[in-house]
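Here the structure is laid out as structure tokens; the discussion comes afterwards.
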Amino acid sequence: MQVDLKDIVDFYSQHPEEIGKIEVNTRYGFKTIEYADLSAHNSNVIEVTLESGISLFTSPEHLLWSNNNWTPVNSLSIGQLVLTEQGEKPVIGLRTLTEKEDMYDLQVADVHEFYANGVVSHNSTLISAICYG
């Protein structure tokens, strides 16, 4: 099932007894979401578009796996490869949106990463969808 991070935050706030019982897909299988919360109100948002058609909406400082390292989105360049569920895909678009969004922090047990819209993403500050179990 695919949901927004806000959905996880809302669920955890309404059902704190469920914290630590939801899992998210990672490169290492499903891992527990230990924590989810609002991390920033009215943050700048960058849309990262990959050649595969995937788009990710994130804060400028958010980290994606690129060149075997965690790379801030605001340091990415066109053509740079970003790791996805289907392997490395080149960035074809980087666009700062005029509207601002709330950002959400997600902490994943053990691996501190998860797939967001199919992209390997480090914990925190995203508004895009994830798959969870």
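The values are calculated or read from the model by the stated rules, or taken from the named source; none is laboratory data. Just so it is clear, the model here is predicted, and its values are computed rather than measured. Positions of Cβ are backbone-derived with ideal geometry, glycine not excepted, and every protein chain shown enters the neighbour counts. These accessible areas exclude ligands, DNA and RNA; they are computed on the full protein's heavy atoms, side chains included. Shrake-Rupley method; radii C 1.70, N 1.55, O 1.52, S 1.80 Å.
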Which condition breaks for LEU83 when tested against (1) at pLDDT below 95; (2) in contact with a Phe, Trp or Tyr (Cβ under 9 Å, 6 or more places away or on another chain); (3) open to solvent by 30 Å² or more (accessible area, probe 1.4 Å)? (1)
Would you check which residues across segment 46-76 are within 29 Å of HIS15 (Cα to Cα) and not in a strand (DSSP E or B) and list them? SER59, HIS62
If I filter segment 56-78 for residues that are open to solvent by 50 Å² or more (accessible area, probe 1.4 Å) and in contact with a Gly (Cβ under 9 Å, 6 or more places away or on another chain), do I get at least one hit? yes
Does segment 87-94 contain any residue that is part of a loop (DSSP other than H, G, I, E, B), at negative phi and touching a residue at least 24 places away in the same chain (Cβ under 8 Å)? no
Filter segment 86-113 for residues that are open to solvent by 40 Å² or more (accessible area, probe 1.4 Å), within 15 Å of ILE46 (Cα to Cα) and touching a Lys or Arg at 6+ places or on another chain (Cβ under 8 Å) and give the result. ASP102
Top-ranked residue of segment 78-124 - restricted to ones that are touching a strand residue (DSSP E or B) at 6+ places or on another chain (Cβ under 7 Å) and hydroxyl-bearing (Ser, Thr, Tyr), ranked as nearest to THR26 (Cα to Cα): TYR115
When only residues in segment 12-29 that are of a type outside the set (Gly, Ala, Ser) and loosely packed, with under 15 Cβ neighbours inside 10 Å count, which is nearest to LEU81 (Cα to Cα)? ARG27
